[in-house]
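The values are calculated or read from the model by the stated rules, or taken from the named source; none is laboratory data. Fair warning: this is a prediction, and the values are worked out from it, not measured in the lab. Because the Cβ atoms are built from the backbone with ideal geometry, glycine has one as well, and the counts that use them run over all protein chains shown. Surface accessibility is based on the protein's heavy atoms, side chains included, excluding ligands, DNA and RNA. Shrake-Rupley method; radii C 1.70, N 1.55, O 1.52, S 1.80 Å.
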Amino acid sequence: MPYDENNIFAKIIRSEIPCHRVYEDEAVLSFMDIMPRSPGHLLVIPKAPARNLLDIEPEVLATLIRQTQRIAKAAVAALGADGLTLQQFSEPAGGQEVFHIHFHVLPRWDGVRITPHPAPKGDMAELADQAAKIRAALG
C-alpha cells in the first residue's frame, strides 16, 4: 500500500492537528498519545513519510530509533518509572491502525498494568504536565 499523505500523523507534523509536543528536530517529532495506556505514554515518529517498519529507509529508521531511546530515557527519568514498554506495529495484521511509522513509549511501574487498547481519552492538562516534565528531562 502507498503512503497516505493525509494520515493523522502527517497532519500533526504539518501542525494541522494540535498535539502536546515533547520533542522536535528536523527529522523526528514526539508527542503525547491522547489515549494513554500508561502515564506518560508518548509517540515518536519520523517526519519523513514512511508507512511502517517494512518500508522505512534504514537511515531514517536509525535516526528515529536513536531519538526514541533518548526520549524514552527522559520519560522514565522525568516520571520516576521503573521501566518501559516500547511498541511498534506494522500493517493491519500486525495491529497497525495509523499508517505512518511510530513507536509507542509507555513508561511502566512495578505491579501496574497498562490500560487495554483502546484507552479512554486522557486529561489534556495531565498530558501537558507530563510533556513539560519530559521536555525538561531532555534538557
Inset, instruction - Quantify, in whole percent, the carbon and sulfur part of the accessible surface of the chain (1.4 Å probe; protein heavy atoms only). - result: 57 percent
Legend entry - Residues in segment 6-25 that a label on residue 87 would reach, taking backbone N under 20 Å of a point 7 Å out along Cα→Cβ: 8-10, 20, 22
Legend entry - Folded to 0 to 90 degrees: helix 124-138 orientation relative to the chain principal axis, Cα: 90 degrees
Legend entry - 10 Å Cβ shell holding at most 15 others, DSSP loop, trypsin sites (Lys or Arg not before Pro): longest site-free stretch of the chain: 15-112
Inset, instruction - Would you mind calculating the gained length between residue 70 and residue 113 on full extension (0.36 nm times residue separation, minus the Cα-Cα distance), in nm to one decimal? - result: 13.1 nm
Legend entry - Efficiency of FRET between residue 57 and residue 35 - r from beta-carbon atoms, R0 25 angstrom, step 0.05: 0.30
Legend entry - In degrees, nearest ten, helix 58-79 long axis to first principal axis of the chain (Cα): 10 degrees
Inset, instruction - Please check the chain for the longest run free of GluC sites (Glu not before Pro) that are loop-located per DSSP (anything but H, G, I, E, B) and have at most 11 other Cβ atoms within 10 Å. - result: 27-96
Inset, instruction - Kindly report the accessible area of segment 1-127 per residue (heavy atoms of protein chains, probe 1.4 Å, no ligands, DNA or RNA), in Å². - result: 53 Å²
